[in-house]
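Read-outs: derived from the displayed coordinates by stated rules, not from any lab. Since the model is a prediction, treat every value here as computed from it, not as a measurement. Cβ sites come from the backbone with ideal geometry, for glycine too, and all protein chains shown count toward neighbours.
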Amino acid sequence: MNLSCSDLLFCCFNLPLAASTFWRRSWAHGRTLCRMFPLARYALVAVSLFTVLAITINRYVMISHPRIYPKLYKRHYLAVMVASTWIFSFGALIATWLEKWGRFGLDPTIGSCSILPDQNKRSPKEFLFVGAFMLPCLAIVICYARIFCIVREAARKSRAPARGRPRGLLEDSAVGSASTALERSPCPENGVNHVAPPRRALLAPPVLHCPPTPAPERSSSSGVDTLDGHDEECALDAKPRTPSGGETAKRLRQAAVALRRSPASVRPPRLTHKDRKLLKMIMAIMLSFWVCYLPITLTKIFREFTSHPAANIAGYILIYLTTCINPIIYVVMSSEYRQAYKNLLMCRRWA
């Protein structure tokens, strides 16, 4: 939204004045607008660039530092971050507006209003282009490189098999859980031990089927059911296959400790499909930003190119084109934007 607002203001204020200047080949809108025109152009471009940088840092913190992400990106903090992009962008040009470090005025060499040297021959143009363009671009490149490395490492780990969990511990835990269920389910009076079918899928001990025998007599003194001779054989056959409660608990504790120490249990940060689409969109916006602003940046830094009018015109056209490219990128790469544009053009409410 912040990026769209800066682009909208640029299109509504700067583009008509620039089109009029190119059409008349001179500035014909007065001294006040001549000062406001470069102020809005430089500040709104900085707002767009800092907004892209803020989004990139947001994605980087979400992926690389997920624990501090909810603490850092709260509602009131986000409002401060958005406001800081505007305050810093316009605040950096206050000295130029007051003619303390350069000044805004008509540049006769290009026939348009821009930043000119002040009475002491000082101009912040090179500082603004290098400090407000190169450094944010470098930070964006570093963040995206780091995001790419983290996502690639996470994808590699997700494709690799879970090696941290030993197979023996898996079998022991499965057998332990099945044996615990076997111990807790008493043998019915007809003498048939029955285990639920789903338990056999977890490497459970074989089901014991004992032939039906008469109901045994129960001893009320000990509180333990007594079995006849044939049932005792079935019970004895089942004892070696069923671990005791202490052994089962010990195996389960070992399995839990192994899972905690296993690197496979620590899930790397994963991007959702929506996050990947957003990253691709921001990268496309940043690439278009570089393509549109790099020529005029080189033209302003290396003054020997300023003697070529074609280079200046091409650079300015690319600058004005960047505000038109962003909506195209939104429509091409986002189904939500396509649906929103369709509803807007057809005068329908958002469903």
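For residue 77 and residue 150 in one chain, what is 0.36 nm times their gap in residues minus the Cα-Cα distance, to one decimal in nm?
23.7 nm
Which chymotrypsin sites (Phe, Trp or Tyr not before Pro) in segment 40-117 sit in a loop by DSSP (not H, G, I, E or B) and have at most 16 other Cβ atoms within 10 Å of their own Cβ?
Within segment 40-117, the qualifying chymotrypsin sites (Phe, Trp or Tyr not before Pro) (loop, at most 16 other Cβ atoms within 10 Å) are 73.
Please list, ordered by chain and number, the residues whose modelled amide H lies under 5 Å from the amide H of residue 105; skip anything fewer than 5 residues away on the same chain.
114, 116
Just in segment 7-63: which trypsin sites (Lys or Arg not before Pro) are loop by DSSP and have at most 13 other Cβ atoms within 10 Å? Don't skip to the end; give the middle numbers.
Values: sites: 24, 25, 31, 35, 41, 59; in loops: 25.
Passing sites in segment 7-63 are 25.
Multiply the residue gap between residue 88 and residue 139 by 0.36 nm, knock off their C-alpha separation, and tell me the result in nm, one decimal place.
16.7 nm
Karplus couplings for segment 108-122 from phi (6.51 cos²θ - 1.76 cosθ + 1.60, θ = phi - 60°), rounded to Hz, Gly and Pro as x?
x, 6, 10, x, 9, 7, 7, 8, 10, x, 7, 5, 8, 6, 9
Quick check for me: using +1 on Lys/Arg Cβ and -1 on Asp/Glu Cβ, what's the dipole size of segment 1-126 about its Cα centre, in debye to the nearest 20?
220 debye
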